[in-house]
1. I'd like the residue in region 183-221 that is farther than 28 Å from residue 92 by Cβ and crowded, with 17+ Cβ neighbours inside 10 Å and, out of all such residues, is modelled with the highest pLDDT.
2. I'm checking my understanding of the structure. Among residues of region 77-97 that are under 19 Å from the mean Cα position of the chain (by Cα) and assigned to a helix (DSSP H, G or I), which one is surrounded by the most Cβ atoms within 10 Å (Cβ to Cβ)?
3. Quick one: which residue in 57, 50 is crowded, with 19+ Cβ neighbours inside 10 Å and touching a helix residue (DSSP H, G or I) at 6+ places or on another chain (Cβ under 6 Å)?
4. Could you grab me the full set of residues in region 134-152 that are out of contact with any helix residue (DSSP H, G or I) (no Cβ under 7 Å at 6 or more places or on another chain) and modelled with pLDDT of 95 or more?
5. Can you tell me which of 29, 4 is modelled with pLDDT of 90 or more and in contact with a helix residue (DSSP H, G or I) (Cβ under 7 Å, 6 or more places away or on another chain)?
6. Between 106, 116, which is surrounded by 14 or more Cβ atoms within 10 Å (Cβ to Cβ), more than 21 Å from residue 53 (Cα to Cα), free of Cβ contacts under 8 Å to residues at least 60 places away in the same chain and over 18 Å from the mean Cα position of the chain (by Cα)?
7. Residue 62: within 23 Å of residue 142 (Cβ to Cβ), modelled with pLDDT under 95 and assigned to a helix (DSSP H, G or I), yes or no?
């Protein structure tokens with residue numbers, strides 16, 4: 001399982017990686033935010049250094065945004081993909097805004113992105129029905145499902161979705177899926193969340209020999225990044241061993 005750290009568009013992390021020459025592992029960026037010039041520069045830097053990158057359309061932002069031309073935004077997203085794609089970008093999430101424009105229109109937007117890349121990752125939501133999930137798995141190499149509580153899918157049921165995807169020889173990503181039960185029990189191929197960022201803000205990192213109150217925000221971000229790097233490597237190895245045991249069992 002690969003854990004992708006979301007919301008890494010920070011200058012201090014850019015500086016830290018540059019100064020230490022540490023190689024970032026897996027990061028997820030939102031196209032909605034990296035349209036901004038400064039964040040775009042940070043993104044290009046991280047992309048050049050990271051092992052794997054995922055790009056989210058930023059569609060969740062549209063749940064409340066008004067006066068958005070979704071077709072124009074998607075065309076710009078597709079142009080961004082065409083101009084910046086590299087081999088370490090493993091996927092681009094679709095515009096999963098079913099609740100705003102309906103699933104049929106989401107499919108039209110998906111088609112715009114598919115015209116420039118074969119790395120589109122469709123995002124399943126409950127309104128699409130389980131038959132559609134199976135269809136996605138049969139038609140795509142990589143699919144995703146939201147693990148956020150608002151989706152209303154119990155963590156135990158996520159195992160079923162992962163197993164179905166693998167039955168179709170399809171990889172599956174859990175959006176917002178870094179809860180402990182998921183990391184330890186659900187055989188996702190990848191997950192992401194911004195929990196590492198919340199850990200930094202709340203001072204929830206593992207080092208016990210540091211006065212958290214004396215740290216700057218940037219120092220907290222770096223400490224949390226280093227903690228989560230260890231977690232990324234741990235779960236890579238954990239699932240490699242677990243899958244080997246299951247396959248041999």
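The values are calculated or read from the model by the stated rules, or taken from the named source; none is laboratory data. All of these numbers come straight from a predicted model, not from anything done at the bench. Note: ideal-geometry Cβ built from the backbone for every residue, glycine included; neighbour counts use all protein chains shown.
1. 220
2. 77
3. Going through 57, 50 in turn, just one is crowded, with 19+ Cβ neighbours inside 10 Å and touching a helix residue (DSSP H, G or I) at 6+ places or on another chain (Cβ under 6 Å): 57.
4. Result: 135, 136, 138, 139, 140, 141, 142, 144.
5. From the options 29, 4, the qualifying one is 29.
6. Checking each option against the conditions leaves just 106.
7. Yes, satisfied.
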